[in-house]
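*Asks:* Just dropping this structure here.
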Amino acid sequence: MSTESSSTYTVDTEPAVESIEEIDLNEYDGRPVMKFVVAFLIGGVFFLLPVPYQGEVTVPFDIVVSNVTESFPDAVGVYSLAIIVAGGVLTTLAMVGESEVGRYDLSYFETSTVFWALRVAGLLLAPVMFFKLGPGWLHTPGTGGLMWNTLVYSVGVIIPIGAIFITIFVELGGLEFVGTLARPVMRPLFKVPGRAALDSLASWVGSYSVGLYVTRNVFEAGGYHKRDVFTIATCFSTVSIGFVGVVAATLEILPLFPLIFGAYFFCVVVTGAILVRLPPISTTPEEYIAEPDPEVAFSGSPTDYVRLAISEAVGKAEEGETFAQAAKRGFVDGLKLTSLILGTILAVGLAATLLSANTPLFDILGRPLTPVVAALGIPNAEVVAPATIVGITEMYVPVLLVTETATKAKFFVAVLAVSQLIFFSSVGPMIMDMFSDVPVRFRDLVALFVMRTVILLPLIAGITHVLDFLGYL
């Protein structure tokens, strides 16, 4: 390992591959084993256990978040307003040279001038949205209403609650267990550590917000370098399984949900495997911002991987915090992160949705794609074509454009909208703000959105035609 600067580290040589006989496995003492098992079950039940709820099958995490946002909308609104204002004020204090307020260190809020401006913009917009000030077009269900009542409320609640349970899971062995078992897939296919599987899993079953929270924590602990972070943030910050169901229900094709989700999963895998080998991801430096903690290079049988996974998990649980300490730290970290990004999401997302709703920009951009969509054999090409572009503003908007089209067109857009991943109502500004030290730039995200779309159009068209041929559509 070498140090390139006071804050950047690199690993000069790859560690030698070891077998199970060469690794000093941890002893399976009762207390750390129990800590790991309980933490794993807590995380597994909260994020993964399917339960029936109001006529649908979902997970406890989604039930908790939905109940909080739906049962206490006024309280969530006040909380969202307060945390956005706090983020803007604390960032401003940090940027004008204040190092601390009382005993509270403000260095966490230091950022670039651009994101300082965006957080301040969020600070100014939050009272406008909360009190419904200004013209009516600012608060329509597809613009300000969507941003404030849906996205801001959801992200504001998801991150702190998710952070409690994901921190318990990660700090008490879950990351090591999942990461070790996933190495044979994640490293050769996506060129990332096996532990990245947890980030992806957190996005699939919870929210991309929780997945990005995991990524940020591992990055700060030296578990990822900058290229790992770029890959994970742009290729695996997926919309949740539950939201795929919302998309299917909106288009009245819920019986096709298993096919939509299967196609979505396949598309994320294919696009990820391709894009990690192309710029801008492939040219991102392999630099760490903390003392590097790469995974142990290992080769063995499936049984050997299970033995190593349990050993690594138990070792982490033994040295880890108590459940209460992990939960408290997760909640506090979640609140800090939320104050950091929620104003940016509001400012950028509102601009993006207003642009989509009130200008013909995306219709104009989509027109050249009409013959392309038609050539791919997708019906209602003149409606579908703009939907392939407008998803960069908010992934739900393309779905609303095709509610009156043929089933094949609905299926095509449903899979495309959730597979494009990068949209600037939420995940785009969140990634740029959270990982400004990578850095993930606006032009990179736009380029990756275009590249994903180019790959996805023929891929999803092919899947659509195969399913139609088999009689499923």
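*Asks:* Under the definition of Cα pairs under 8 Å and six or more residues apart, what whole-number percent is the relative contact order of the chain?
*Replies:* Working: 750 pairs, mean separation 99.8, N = 473.
Reported as a whole number, the value is 21 percent.
*Asks:* Can you compute the radius of gyration and Dmax for the range 351-473, using only the Cα atoms, both in Å?
*Replies:* Expressed in Å, the Cα Rg and Dmax of the range 351-473 come to 14.8, 49.
*Asks:* Run the Debye formula on the Cα coordinates of the range 34-94, all scatterers equal and no solvent, and tell me log10 I(q)/I(0) at q = 0.12, 0.26 1/Å.
*Replies:* Values returned for q = 0.12, 0.26 Å⁻¹ are -0.53, -0.96.
*Asks:* Still on this structure: Under the classification rounded if a/c is under 1.5, otherwise prolate if a/b is larger than b/c and oblate if not, where does the range 1-124 fall, given a ≥ b ≥ c as square roots of the Cα gyration tensor eigenvalues?
*Replies:* oblate
*Asks:* Oh, and also: Using a ≥ b ≥ c from the Cα gyration tensor of the range 87-193 (square roots of the eigenvalues), is it rounded, prolate or oblate, where a/c under 1.5 gives rounded and otherwise the larger of a/b and b/c decides, a/b for prolate? Write out the running numbers ahead of the final one.
*Replies:* Numbers: a/c = 2.38, a/b = 1.49, b/c = 1.59.
It is oblate, given that a/c is not under 1.5 and a/b is not larger than b/c.
*Asks:* Separate question: Could you provide, to the nearest whole Å², the per residue accessible area of the range 123-239 with probe 1.4 Å?
*Replies:* Numbers: 3260 Å² over 117 residues.
About 28 Å² of surface per residue is accessible.
*Asks:* Follow-up. Given +1 on the Cβ of Lys and Arg, -1 on the Cβ of Asp and Glu, and no further charges, what dipole in debye does the range 158-310 carry about its Cα centre, rounded to the nearest 20?
*Replies:* Values: 9 positive and 12 negative charges, 69 e Å.
The calculation lands at about 340 debye.
*Asks:* Counting only residues 5 or more places away or on other chains, whose amide H sits under 5 Å from the amide H of Tyr53 once H atoms are built in the peptide plane?
*Replies:* So Tyr53 has HN proximity to Thr58.
*Asks:* Continuing with the same structure: Which helices pass in the chain if a helix is a full DSSP H run, must span at least 30 angstrom along its long axis by Cα, and must have mean Kyte-Doolittle hydropathy not below -0.5? Mind dumping the intermediate values first?
*Replies:* Values: long enough: 73-95 (33 Å, 1.59); 323-358 (49 Å, 1.05); 442-469 (40 Å, 1.59).
Those that pass (Cα extent of 30 Å or more, hydropathy at least -0.5) are 73-95, 323-358, 442-469.
*Asks:* Give me the percent of accessible area attributable to carbon and sulfur for the chain, probe 1.4 angstrom.
*Replies:* Numbers: 12780 of 19750 Å².
After summing per-atom areas, the C and S share lands at 65 percent.
*Asks:* Ok, one more. Please give the peptides 17-29, 54-66, 328-340 ranked by average Cβ packing (other Cβ atoms within 10 Å per residue), highest first, as a rough proxy for protection. Don't skip to the end; give the middle numbers.
*Replies:* On the way: 17-29: 12.3, 54-66: 15.8, 328-340: 20.2.
Highest mean packing first, the order is 328-340, 54-66, 17-29.
*Asks:* Let me ask something else. With a/c under 1.5 counting as rounded, go ahead and sort the range 145-267 into rounded, prolate or oblate using the C-alpha gyration tensor (a ≥ b ≥ c being the square roots of the eigenvalues; past the cut-off, prolate if a/b is larger than b/c, else oblate).
*Replies:* Details: a/c = 2.08, a/b = 1.37, b/c = 1.52.
Note, shape of the range 145-267 comes out oblate.
*Asks:* P(r) for the range 236-283, please, calculated from all Cα pair distances in 10 Å bins and given in %.
*Replies:* Taking every Cα pair in the range 236-283, the percentages come to 24, 41, 22, 11, 0.
*Asks:* Towards the positive end of the charge dipole of the range 241-396, with charges on Cβ (+1 Lys, Arg; -1 Asp, Glu), say which of Val247, Pro280, Ala324 has the farthest Cα.
*Replies:* Going by the Cα projections, it comes out as Val247.
*Asks:* To continue, here is another question. Per residue, what accessible area does the range 403-473 have, given a 1.4 Å probe and all protein chains present, in Å²?
*Replies:* Numbers: 2370 Å² over 71 residues.
Here the per-residue accessible area is 33 Å².
*Asks:* Tell me, what are the semi-axes, in whole angstrom and largest first, of the equivalent ellipsoid of the range 276-433 as set by the roots of 5 times the Cα gyration tensor eigenvalues?
*Replies:* On the way: eigenvalues 347, 107, 53 Å².
Taking √(5λ) for each eigenvalue gives 42, 23, 16 Å, largest first.
The values are calculated or read from the model by the stated rules, or taken from the named source; none is laboratory data. These numbers come from a predicted model, not from an experiment. Glycine gets a Cβ as well: all are built from the backbone with ideal geometry, and neighbour counts include every protein chain shown. Areas reflect the complete protein model, heavy atoms only, side chains present, ligands, DNA and RNA absent. Shrake-Rupley method; radii C 1.70, N 1.55, O 1.52, S 1.80 Å.
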